[in-house]
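Peer 1: Sharing a structure below in structure tokens format, with a few things to ask.
Quick note: the coordinates plus some simple rules give every number you see, no bench work behind them. Values in this document were obtained by computation on a predicted structure and should not be read as measured data. Cβ placement follows ideal geometry from the backbone for every residue including glycine, while neighbour counts extend to all protein chains displayed.
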Amino acid sequence: MIKKQKAVSAIQWARCLALTVGVVLLISSLGCSRDRQATISLQGAGATFPYPLYSKWMSEYQRLKPNVRIDYQSIGSGAGIRQIRERVVDFGASDAPMTDQDLNAAPGKILHIPTVIGAVVVTYNLPSVNGELKLERATLAGIFLGEITKWNDAKLRAINSTLALPDTAIVVVHRTDGSGTTNIFTDFLSRSSPLWQQRAGKGTSVNWPVGIGGKGNEGVTGQVKQLPGAIGYVELAYAEQNKLPYALIENPAGEFIKPSIGSTTAAAAGIISAMPEDFRVSLVNAPGRGAYPIAGFTYILIYQNQAHTAKGRALVEFLQWAIREGQEYASAILYAPLPIELVPRVYNKLRTITY
Amino acid sequence: MKEPKDLTYGPGAPDMRAGVFSNIGDRIFRGVTLVFGAMIMTLVILMVAEMTRNSTLSFRQFGLGFLSHSEWDPVHERFGAWPFIYGTVVSSLLSLILAVPLSLGTAIFLAELARGKLSVAVAFLVELLAAIPSVTYGLWGIFVLAPFLRQYAEPALAAAFGFLPMFRGTPHGIDMLAGGLILAIMVTPIISAVTRDVLMAVPRTQREAALALGATRWEATKVALSYAKSGILGAVILGLGRALGETMAVTMVIGNRPQVSGSLFDPSYTMASVISNEFTEATSDLYRSALIEIGLLLFLVTIVVQSVARLLVWRVGRRLKEAKA
């Protein structure tokens, strides 16, 4: 009796299993046949900073070319570099250019395509101070080195004679998660102060001489907003959206520049004549009038020799669109567009890609 | 006192593990569960093997000094894990010191004293607390807890207990104390929910017997607590596990500064936090390898702490049995 029941249920199980397998096969074969109708799917991964812009580009581009689907994972510049090096993705993205060592370790030649420019602003919390705080480059480095510890330090008062700077301790707040923002900011400190260069250096994460760490732009902002006397750095777009006060920073021409989309693009325009062939350049302390000194390109990384013809063509077409038509979406969401003079050079670089 | 004989377990019961499976269904059942059991083991072994393989570079470079060095400099590639180990262990212990009395109180109230709808409602709320995502706790930590600590709690603590080194320094509100507190808040629902269930499982007869002998309510509760001891310890271990591995909320309030300081008012850093903060941007191989070694260390620290706790449970359990016999 029991045996018989068991046999029946076994048959039921077998039927059920066969049915499931059948349905799965049917669905997957349908999916395949639709894919074959020339939908091209591109995978990218990397920097978090340009993610809002890239996702805007990708949705706009899909409207133009419905058969091209681009996915982007914002997993960080470091991971983006790693994944393009291991050919896990079709394109990578990074805020900092790859090192020679990384480039040599890659299985093919990787091109850097600058897409937009990011700027980093210095924000602070001084409730009693109205008016714009000005910071010299050496002074800013001194603050982050822990050498200047009070807001009414003589060096700060000398430049900001019109402001009533209080006798409060300076609390340094920095990003604690590795980020392109930190890379640009520490690049700036390194180029502004030999001591910083020697003590901490530049990188996506560094050994901070002083201060407390906040996670992400929101973590730094939250702590700066709450600690009277705090000073920190965030992306320009983030500071604008959250109406944070920010300091004017001295540039190599000796001007105190207010961070903005215009002054950031001006930094890139100032460096154009010195721009190397592979676009790997720092925009920090760029020469030229009106150039904001704490800025950097963000790049898309692709192989010069594309293995897959259809994918390669789609990727190049997308990038050509991004650096020309795509630029108009940039300033709307507070990214500084590439300077006009640079666009043809990047376009020509894209034409060297083979597929 | 002789307990009724359990026919499914203990000496004399049919041995489920030996080859006495005459029934084919039982054999399949045994095979399937064996596979599931083996899967957990395989997973753990694979994880350790993979982390060990990926951290060899860092291990070769720094050797055992990795455990004791306090410098963490990604630019110059000098790595030491001691501040992270210290931060993880101290913040977790701090959270247990704060959370255990609170959780036990909650659980005792719910299991022994509260009646009917009140008990059900509060128990439901406690379980709800356990389901709040950690990022929410973290944001609350930044915007509510940290300012409160900075403005009121820490100056008061410094004024009252300033003679102790652990309450010295500038109160920022973003420090070890904030990390420990947020962890305490997060582990409290877990410990109290499990403890409550354990207390509910204590047979009524235990309490009734105590009461019948003229014990007060508190004494009867003590009897129940001692009966449930090993289960309560288990609940604490569960909470400790959560505290050791918690990442997001702690990262947001602990200050993320790799330093070893005796003061609770100084920022600190935990192992889970540094991995989540720096792994995505770790471009160089040595840097990545050092972070993976931290992951391996976190694994080892968790195993050591959990084993010590298990050992405690086991000893308490044995003492209880001896007392019974």
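Peer 1: List A:H174, A:H112 from most exposed to least, where exposure is judged by having the fewest other Cβ atoms within 10 Å.
Peer 2: Arranged by neighbour count, lowest to highest, A:H174, A:H112 become A:H112, A:H174.
Peer 1: I need the semi-axes of the equivalent ellipsoid of chain A: take the C-alpha gyration tensor, multiply each eigenvalue by 5, square-root it, list largest first in whole angstrom.
Peer 2: Ellipsoid semi-axes (Å, largest first): 47, 27, 18.
Peer 1: Helix B:217-227 versus the longest principal axis of chain B: what is the Cα-based angle in degrees, 0 to 90, to the nearest 10?
Peer 2: The angle comes out at about 80 degrees.
Peer 1: Still on this structure, please answer the following. Report ³J(HN,Hα) in whole Hz for each residue of region A:192-206, in order, from the Karplus equation J = 6.51 cos²θ - 1.76 cosθ + 1.60 where θ = phi - 60°; Gly and Pro get x.
Peer 2: After applying 6.51 cos²θ - 1.76 cosθ + 1.60, I find 9, 9, x, 5, 5, 3, 7, 7, 10, x, 10, x, 6, 9, 10 Hz.
Peer 1: Helix-only estimate, please: 222 nm mean residue ellipticity of chain B, summing -39500 (n - 2.57) across DSSP H runs of length 4 or more and dividing by its residues, to the nearest 500. Before the final figure, lay out the partial values.
Peer 2: Details: 14 runs with 215 residues, N = 325.
That comes out to -22000 deg cm²/dmol.
Peer 1: Let me ask another. Please list, in order along region B:113-122, the HN-Hα scalar couplings obtained from phi with the Karplus expression 6.51 cos²θ - 1.76 cosθ + 1.60 (θ = phi - 60°), rounded to whole Hz, x for Gly and Pro.
Peer 2: Per-residue couplings from phi come out as 10, 5, 10, x, 5, 4, 4, 4, 5, 5 Hz.
Peer 1: Once the protein assembly as shown is represented by equal point scatterers at the alpha-carbon sites, with solvent omitted, what log10 I(q)/I(0) does the Debye formula produce at q = 0.11 Å⁻¹?
Peer 2: Computed log10 I(q)/I(0) values: -1.21.
Peer 1: Anything over 28 Å Cα to Cα? Flag those among A:K155/A:K215; A:K311/A:K349; A:K134/A:K349; A:K215/A:K311, in the order listed.
Peer 2: A:K155/A:K215; A:K134/A:K349; A:K215/A:K311
Peer 1: How would you rank B:93-99, A:227-233, highest first, on the average number of other Cβ atoms within 10 Å across their residues?
Peer 2: Highest mean packing first, the order is A:227-233, B:93-99.
Peer 1: Please give the peptides B:221-228, A:39-46, B:53-60, B:276-283 ranked by average Cβ packing (other Cβ atoms within 10 Å per residue), highest first, as a rough proxy for protection.
Peer 2: B:276-283, A:39-46, B:221-228, B:53-60
Peer 1: Something else: Report, by chain and number, residues whose modeled amide H sits under 5 Å from the one on A:Y303, excluding near sequence neighbours (fewer than 5 apart, same chain).
Peer 2: Answer set, sorted by chain and number: A:L111.
Peer 1: Specify whether the C-alpha gyration tensor of region B:61-127 places it in the rounded, prolate or oblate class, a ≥ b ≥ c being the square roots of the eigenvalues: rounded for a/c under 1.5, otherwise prolate if a/b is larger than b/c and oblate if not.
Peer 2: Here region B:61-127 falls in the prolate category.
Peer 1: I would also like to ask the following. Let me make sure I get this right: for region A:119-274, a, b and c are the square roots of the gyration tensor eigenvalues over alpha carbons, sorted descending. Under 1.5 in a/c it's rounded, otherwise prolate if a/b > b/c, else oblate. Which is it?
Peer 2: Rounded, since a/c falls under 1.5.
Peer 1: Determine the relative contact order of region A:115-166: mean sequence separation of Cα pairs under 8 Å and six or more apart, normalised by residue count, in whole percent.
Peer 2: Reported relative contact order: 43 percent.
Peer 1: Could you pull out every residue, at least 5 positions away or on a different chain, whose amide H is within less than 5 Å of the one on A:Q73? Hs are placed 1.01 Å off N in the peptide plane, and Pro or chain starts have none.
Peer 2: A:G44, A:A45, A:G46
Peer 1: Sorting check: for A:134-145, B:148-159, A:269-280, which peptide has the highest mean count of neighbouring beta carbons within 10 Å, and how do the rest follow? Don't skip to the answer; put the middle values down first.
Peer 2: Values: A:134-145: 21.2, B:148-159: 16.1, A:269-280: 14.5.
Ranked by mean Cβ neighbours within 10 Å, highest first: A:134-145, B:148-159, A:269-280.
Peer 1: Taking beta carbons within 10 Å but only from partner chains, what does the mean come to for residues B:142-155?
Peer 2: 2
Peer 1: Consider just the alpha-carbon atoms of region B:47-179 and return their Rg together with their Dmax, both in angstrom.
Peer 2: Calculated on Cα positions, Rg and Dmax stand at 20.8, 63 Å.
Peer 1: Work out the mean other chain Cβ neighbour count within 10 Å for the residues of A:207-217 and drop it here as an integer.
Peer 2: 5
Peer 1: GNM, chain A, Cα, under 10 Å: largest mean-square fluctuation among A:G118, A:G92, A:G326?
Peer 2: The residue with the greatest mean-square fluctuation here is A:G326.
Peer 1: Taking square-rooted eigenvalues a ≥ b ≥ c of the alpha carbon gyration tensor, is chain B rounded, prolate or oblate, where a/c under 1.5 means rounded and, failing that, a/b exceeding b/c means prolate?
Peer 2: Oblate, since a/c reaches 1.5 and b/c is not below a/b.
Peer 1: In whole Hz, with x marking every Gly and Pro, tabulate ³J(HN,Hα) for region B:85-100 from phi via Karplus 6.51 cos²θ - 1.76 cosθ + 1.60, θ = phi - 60°.
Peer 2: In residue order, the calculated couplings are 4, 4, x, 5, 5, 5, 5, 5, 5, 4, 5, 5, 4, 7, 8, 4 Hz.
Peer 1: Taking each residue in A:269-282, count the Cβ atoms of any other chain within 10 Å of its Cβ, then average. What number comes out?
Peer 2: Mean partner shielding for this stretch: 0.
Peer 1: Please list, by residue number, everything in region B:36-55 whose backbone N is under 12 Å from a paramagnetic label point 7 Å out along Cα→Cβ of A:E86.
Peer 2: Only B:54 fall inside the zone, counting backbone N under 12 Å.
Peer 1: Follow-up. By a straight-distance test (C-alpha under 15 Å), which aspartates and glutamates pair with A:K150 as possible cross-link partners, with residues fewer than eight away in the same chain excluded?
Peer 2: List returned: A:D167.
Peer 1: Ok, one more. Just report the Cα centroid separation between region A:251-273 and region B:176-239, whole Å.
Peer 2: Value for the Cα centre distance between the two parts: 65 Å.
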